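The values are calculated or read from the model by the stated rules, or taken from the named source; none is laboratory data. The structure presented is a predicted model; accordingly, all values stated were derived computationally and were not measured. Don't worry about glycine lacking a Cβ; one is built from the backbone with ideal geometry, like all the others, and counts go over all protein chains shown.
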Amino acid sequence: MPVNQRNLRDSFTKQRSPAWPCPTCKAGHLRIDKDSISAKATAESVAAQDHPAWDPDWTTLRFVALAVCDNTDCLEVATIKGRGGLQPIGQSYDYQEFYTPEYFDPSPALIIVPEQCKSEVRSELKMAFAHAWGDPTSSSAHIRTATERLLDQLRIQKSVTAKGKRQRLTLHRRIELLSVKNPEASELLLAVKWIGNAGVHSGALTQQEVIDALDLLEGALSSLFDPHANRVKVLAKRINKRRGP
Ligand SMILES: [Zn+2]
């Protein structure tokens, strides 16, 4: 299931807000508690109101809000913060506020995380999801740590001893070592690592790059833990070898 990009980028209003899948119960949906929305115009956009050509849609808002799970057995609550503005209502001269989330905690799961993933991997992914809404560089840092924790879970060695000295292995080397067990997951994780490296060097990653990294990571997780994906691969290999069922 690739990352739902519309969910990540869409704005909402008090009249029209999406229902985000609840990450806690996985049965209900997080819905905006309209009374919790609190928004104010930024200092810069208040100052701009003195401009002769000022228009309401020049306004930039900062907002916070709560979203609550509609499953009465769950009632999870999430905090959302971000930016917004004013937009005309239909063809009228009236305006309404709109809000674009930049942080969402706990965030709806952006990719499928298999049950077998240990809590150390899960907690990093949770942070990666929360930041993916508006802070790609920080999301990418959590994706990188999640990758390290995943390699720990897979018992990929962390260091080597050369000439009596212990040396830490780089993330790159550890991912290469995984190729002995699972070349497909190793290749996918290397691509995740390159995206993260680009972010460290340029200092800025785009949300699209983070979405790509998450999609690649999901592929690696599925290759490592999804029994069905693995079963059909083994099955195909056997059938092709026999040239029959
Ligand atoms: Zn829930």
Flagged in the range 133-168 as in a loop (DSSP other than H, G, I, E, B) and either touching a strand residue (DSSP E or B) at 6+ places or on another chain (Cβ under 6 Å) or assigned by TED's automatic domain parsing to the domain that holds residue 12 (or both), in numbering order, are 133, 134
Is there any pair with a first residue in the range 230-245 that is assigned to a helix (DSSP H, G or I) and a second that is charged (D, E, K, R) and surrounded by 10 or more Cβ atoms within 10 Å (Cβ to Cβ) whose Cβ atoms are under 9 Å apart and which are 6 or more apart or on different chains, and what are they?
233/184
Give the number of residues within the range 176-222 that are farther than 19 Å from residue 152 by Cα, among the hydrophobic types (A, V, I, L, M, F, W, C) and part of a loop (DSSP other than H, G, I, E, B).
2
Residue set 93, 103, 99; condition farther than 30 Å from residue 180 by Cβ, in a loop (DSSP other than H, G, I, E, B) and out of contact with any Cys (no Cβ under 9 Å at 6 or more places or on another chain); output residue 93
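Got a sec? Which of 72, 79, 60 is more than 30 Å from residue 27 (Cβ to Cβ), without any contact (Cβ under 8 Å) to a residue 60 or more places away in the chain and hydroxyl-bearing (Ser, Thr, Tyr)?
Working: 72 fails: more than 30 Å from residue 27 (Cβ to Cβ); 79 fails: more than 30 Å from residue 27 (Cβ to Cβ).
Just one listed residue meets the conditions, 60.
Report yes if some residue within the range 83-102 is among the charged types (D, E, K, R) and in contact (Cβ under 8 Å) with a residue 60 or more places away in the chain; otherwise report no. Before you say what the answer is, go through the steps one by one.
Just the residues of the range 83-102 that are among the charged types (D, E, K, R), to begin with: 83, 94, 97, 102.
The next check asks that each one be in contact (Cβ under 8 Å) with a residue 60 or more places away in the chain; those that pass are 97.
Yes, some residue in the range 83-102 is among the charged types (D, E, K, R) and in contact (Cβ under 8 Å) with a residue 60 or more places away in the chain.
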